[in-house]
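Take a look at the structure set out below.
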Amino acid sequence: MTDAALSTELVTGADGLVRPLWAARDPLMQAYYDTEWGMPIRDERGLFERLSLEGFQSGLSWATILRKRPAFRAAFADFDPDVVAAFDEADVERLMGDAGIVRNRAKILATIGNARATVALRGTVSSADGDGGGLAELVWSFRPEATPAPRSFADVPTSSPESLALSKELKRRGFRFVGPTTMFALMEAVGIVDTHLVDSHRRGSSGVWPA
């Protein structure tokens, strides 16, 4: 790719930091890119929240989900899996009436079902310290041996063998809205792969992968 073409994908902000165009126009997206996207999340609640939001994002823009995140957190008990797993039909109707979130019944039911699957996972996955693990340990067990090194958006994959395998395993364990593309987006968001463009100021910042 020529420097001229690359310049349409990466921009240098007033702070001197290089970001992709999608993270340079909207202050909310810029803050998310600079501080959250691609940073490691290894706790159960954090992984359950990201998995849930990635599921709700399907067919929508991430900016839409990010703006609604405070409402999602309020509606889903700050994504506490134990609380969400106990939601009943009254909660489903409450959520369907909540204009602050994405009111999609299938996605709402999937989130509740995924909370129950998350609770069921506890103690069934081997963790690094030898104790019984759960969702976080399962998701991170699909970390690949290498990460992409994209120089342009055209170089960024939308799925991988690992995201396909993770998708199949989660579905086997009762999760829904966890297709391979959605799971690759999750892996990007929580640092399992680093798809920051090579010249971005965030490349390698997670500590999981070298720049």
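Laboratory data are not the source of any read-out in this text; all were calculated from the coordinates shown. Since the model is a prediction, treat every value here as computed from it, not as a measurement. In this analysis, Cβ positions are derived from the backbone assuming ideal geometry, glycine residues included, and neighbour counts consider all displayed protein chains.
Filtered by the rule that a residue be among the polar types (S, T, N, Q), surrounded by 15 or more Cβ atoms within 10 Å (Cβ to Cβ) and not in a helix (DSSP H, G or I), the range 52-76 gives a lone residue, SER58. Could we say that ARG103 is free of Cβ contacts under 8 Å to residues at least 60 places away in the same chain, charged (D, E, K, R) and in a helix (DSSP H, G or I) here? No, not satisfied. For the range 26-41, which residues satisfy the criterion of being assigned to a loop (DSSP other than H, G, I, E, B) and under 19 Å from THR195 (Cβ atoms)? Those that are assigned to a loop (DSSP other than H, G, I, E, B) and under 19 Å from THR195 (Cβ atoms): GLU36, TRP37, GLY38, MET39, PRO40, ILE41.
Applying the criterion of being in contact with a Pro (Cβ under 8 Å, 6 or more places away or on another chain) and hydrophobic (A, V, I, L, M, F, W, C) to the residues of the range 167-191, the residue that is nearest to GLU36 (Cα to Cα) is VAL190. The number of residues in the range 37-68 that are on the phi > 0 side of the Ramachandran plot and in contact (Cβ under 8 Å) with a residue 40 or more places away in the chain comes to 1. Screening the candidates THR118, THR147 for the property of being of a type outside the set (A, V, I, L, M, F, W, C), surrounded by 19 or more Cβ atoms within 10 Å (Cβ to Cβ) and assigned to a helix (DSSP H, G or I) yields one hit, THR118.
Among the residues of the range 157-180 satisfying the criterion of being surrounded by fewer than 16 Cβ atoms within 10 Å (Cβ to Cβ) and without any contact (Cβ under 8 Å) to a residue 60 or more places away in the chain, which is farthest from the chain's Cα centre (by Cα)? Per the criteria, the residue is ARG172. Selection of first residues in the range 78-91 that are more than 8 Å from ALA115 (Cα to Cα) and of second residues that are of a type in the set (Phe, Trp, Tyr) and outside any loop (DSSP other than H, G, I, E, B), restricted to Cβ pairs under 7 Å at least 6 apart or on distinct chains, gives the following pairs, ordered by first then second residue: PHE79/PHE48.
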